[in-house]
Amino acid sequence: MSWLDVAMQGGIWALEILAIAVPIALSVAYITYAERRVIGWMQIRKGCNRVGPAGLLQPIADGLKLFLKETIIPTTANKYLFVAAPVMALVPALVAFAVVPFGETTLFGFWEETHVMAIANLNVGVLYVMAISSLAIYGILMAGWASNSKYALIGALRATGQMISYEIAMGFSIVCVLIMAGSMNLSAIVHAQAGEYGFLNWYIIPLFPMFVVFFISGCAETNRSPFDLPEGEAELVAGFFVEYSGMWFATFSLAEYAAMILISLMTAIMFLGGWYAPLPADFPVVGAFFDAIPGTVWLLGKTSFLIFVFIWFRATFPRFRYDQLMRLGWKVFLPWTLSWIAVIGMATYAGDISSNLTWISDVIGFWQPWR
Amino acid sequence: MLETVFFYLFGGLAVLAGMGVVLAHNTMHSVMFLIFCFFNAAGLFFLLDAEFIGIILILIYVGAVMVLFMFVIMMLDVNRAKLREGFLQYLPMGGIIAVILLVELIASASSGVFVSDEMVQAVHLGQEVNNTVEIGKELYTKYLLGFEVAAIILLVALVGAIVLTLRERKDAKYQNISAQVNTRKEDRLRKVKM
């Protein structure tokens, strides 16, 4: 490989990274706008509508304001970790997008075969996302500790306890998906949900309880309302980022919203059929029309809907009490997911135990293309 | 060539981070160095195409074990002056152990086992070998008994930890959450005819 090739490859990688990172940063800005408008609509008020047409320039104004504000570092704070903490929160949230497949393309017939639109089509994609998103805790933990403030510390402790607890339920609900798909590759999981019955092939049908667990755990993982105890205004002022201001403060919310997009994307990929349309192409009337819409649009549409549900949650539910939160994670979700793994596992191999039970594995085999 | 560069990069950074763990004054910084060290070890696994083990290393050690470590360290009130107090007293003992370890390392390195011709060379198995599947097959067939025994030991440790730390306080008041959740409107609200 000559140096020119290396440079070309590096340039392509840089472009791929930019093609994902820039839209994420933009969508984070506009999700904050959408959040304010949607919650406003739900609470029968306007939301932001002053800056620009229909308030569309509000995120830019907010960003500019935060950018121009002074970054204050408390005197007793641990300077290095205080400055590093927002970065440690943001980096995992962005790095996790490296394995997310955004669709399949032949580049309008330019390529012979279809390529998966992901920076890295990793064999252990699901595990990678789990591993990287579990690193987001460090940003919060560091922020809480380095601030040298009791509110921040309590917020960080709460966040850590919460994220560790819900990660387990999340992991177990993913295990069910892995049993069904027979692969940890995210694009293979989407392919496993392809079929001639449209949305009936999606994993939301056999794994509906796991879909609920995954999404709610995702809500808790990203510290979104109603699980936003780490930043409970009433008792902790603002939780782990009390001492932050200006751009460093904005970095935390950037990380939070990026994590929210990631959870929505993962839910869409693992349970809602990824880039496949909900109805087969030969379905009367709308089938052909649905088929003409590119897969990426379907995936992003599903993701947008799930982000809307996140916002909807925030407008609907009051905040949990901490013991209720822990009870839900450990005493409800954990047994629930564990027993569902056992059910799915036994159903998968029921036919091997006795020929009378073959119908069970046949039923579940409908969703298991590896059989 | 690139692989060698990355090997020395990850290896060197892992050694530096390991030294940082020992030499950092602040416990929190030590933990961060340790996490960085784990990352580099994971990088070395990736170079060997062992992506499953690499990811698991990050997922378990960095994502779970170190977080709990940090959880504890955050709560500690480390008094550095007090830690330094016994430094000279423990120095001879520590020094002897360090010298013995150094001699052992040099002896084993020069024993001839690590001659480059006789070293096992890592071979790339290529993309078609899915090492998650391979590990799963080995673990659940050939080493099933060992795997189950390890699982039971872990379970016992888990139960033991809970039993050790569980203390019920009779004077504390707890909500009965299932009673709270199962409350219906009729239990609280009664229509009275006036």
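Derivation of every value follows stated rules applied to the coordinates shown; laboratory data play no part. Every value quoted in this text rests on a predicted model; they were computed, and no experiment measured them. Here the Cβ is made from the backbone with ideal geometry for all residues, glycine too, and neighbour counts use every protein chain on show.
Odds and ends about this structure:
- Acute angle (nearest 10 degrees) that the helix B:66-75 long axis makes with the longest principal axis of chain B, alpha-carbon atoms: 70 degrees
- log10 of Debye I(q)/I(0), alpha-carbon scatterers only, for the stretch A:70-167 at 0.16 Å⁻¹: -0.75
- Exposed-site-free run, longest, chain A (rule: chymotrypsin sites (Phe, Trp or Tyr not before Pro); DSSP loop; at most 13 other C-beta within 10 Å): A:198-348
- Pairs of alpha carbons in chain B whose separation is greater than 32 Å (percent): 48 percent
- Mean shadow area of the stretch A:1-160, taken as a quarter of the surface of its Cα convex hull (nm²): 15.3 nm²
- Relative intensity of the stretch B:1-78 on a log10 scale, I(q)/I(0) at q = 0.22, 0.24 Å⁻¹, equals -0.97, -1.07, per a Debye sum over C-alpha point scatterers of equal strength in the absence of solvent.
- Taking 7 Å steps out from each Cα toward its Cβ at B:Leu13 and A:Ser354 produces label points 5.7 nm apart.
- Taking the Cα centre of chain A as reference, the dipole from Cβ charges on Lys and Arg (+1) and Asp and Glu (-1) amounts to some 1340 debye.
- The simple Förster model, with R0 at 45 Å and r as the Cβ-Cβ distance, assigns A:Phe289 and B:Leu166 a FRET efficiency of 0.15.
- For chain B, the longest principal axis of the alpha carbon atoms and the long axis of helix B:144-165 meet at an angle near 50°.
- Cα-projected label distance for A:Ser2 with B:Ile96, points at 7 Å along beta-carbon direction, nm: 6.6 nm
- The stretch A:140-252 - Rg (one decimal) and Dmax (whole number), Cα, Å: 18.4, 58
- Unit charges at the beta carbon, dipole of chain A: most positive-side option, A:Leu135, A:Ala85, A:Ile204: A:Ala85
- Shape class of the protein assembly as shown from the alpha-carbon gyration tensor: rounded, with the ratio a/c of largest to smallest axis under 1.5.
- Rounded to whole Hz, the Karplus (6.51, -1.76, 1.60) HN-Hα couplings of the stretch A:143-154, x for glycine and proline: 4, x, 6, 5, 5, 6, 9, 5, 5, 4, 5, 4
- In order through the stretch A:265-271: 3J(HN,Hα) via Karplus (6.51 cos²θ - 1.76 cosθ + 1.60), integer Hz, x for Gly, Pro: 4, 5, 4, 4, 6, 8, 10
- With a simple spin-label model that places each label point 7 Å from the Cα along the Cα-to-Cβ direction, the separation between A:Val363 and B:Val192 comes to 5.2 nm.
- Charged-residue dipole, Cβ positions (Lys, Arg, Asp, Glu), the stretch A:57-171 about Cα centre, Debye nearest 20: 740 debye
- Förster radius 45 Å - calculated FRET efficiency between B:Lys185 and A:Val91, Cβ distance, rounded to 0.05: 0.40
- As a calculated quantity, the FRET efficiency between A:Met42 and A:Tyr197 at R0 = 35 Å, using C-beta atoms, amounts to about 0.50.
- Residues listed by number, the stretch A:55-84, amide nitrogen under 17 Å from B:Ile73 label point at 7 Å toward C-beta: A:78-84
- Most positive-pole-ward Cα, B:Phe6, B:Phe33, B:Ser111, against dipole of chain B from beta carbon charges: B:Phe33
- Mean-square fluctuations from a GNM of chain B, with a 10 angstrom spring cutoff on Cα atoms, peak among B:Arg169, B:Arg184, B:Arg84 at B:Arg184.
- Using the rule -39500 (n - 2.57) for each DSSP H run of four or more residues, divided by the residues of chain B, the 222 nm mean residue ellipticity is -20500 deg cm²/dmol.
- Helix-only [θ]222 nm of chain A, DSSP H runs n ≥ 4, -39500 (n - 2.57) each, per residue, nearest 500: -20500 deg cm²/dmol
- Nearest-ten-degree value, helix A:125-134 long axis tilted from longest Cα axis of chain A: 20 degrees
- Alpha-carbon centroids, the stretch A:312-371 and the stretch B:54-72: separation in whole Å: 26 Å
- Label zone (A:Val83, point 7 Å along Cα-to-C-beta; backbone nitrogen cut-off 19 Å) within the stretch A:142-185: A:142-148.
- Nearest-20 debye value, the stretch A:7-68 charge dipole, Cβ charges on Lys, Arg, Asp, Glu: 440 debye
- Converting the Cα gyration tensor eigenvalues of the stretch A:7-68 into ellipsoid dimensions via √(5λ) gives semi-axes, longest first, of 33, 13, 8 Å.
- Reciprocal of mean inverse Cα separation for the stretch A:77-358 (Kirkwood radius, Å): 20.1 Å
- Label point at A:Ile73 placed 7 Å out along Cα→Cβ; residues across the stretch A:141-155 whose backbone nitrogen lies under 17 Å: A:142-149
- Dipole axis of the stretch A:7-68 (+1 Lys, Arg; -1 Asp, Glu on Cβ), positive-most option in A:Gly55, A:Ile24, A:Ile12: A:Gly55
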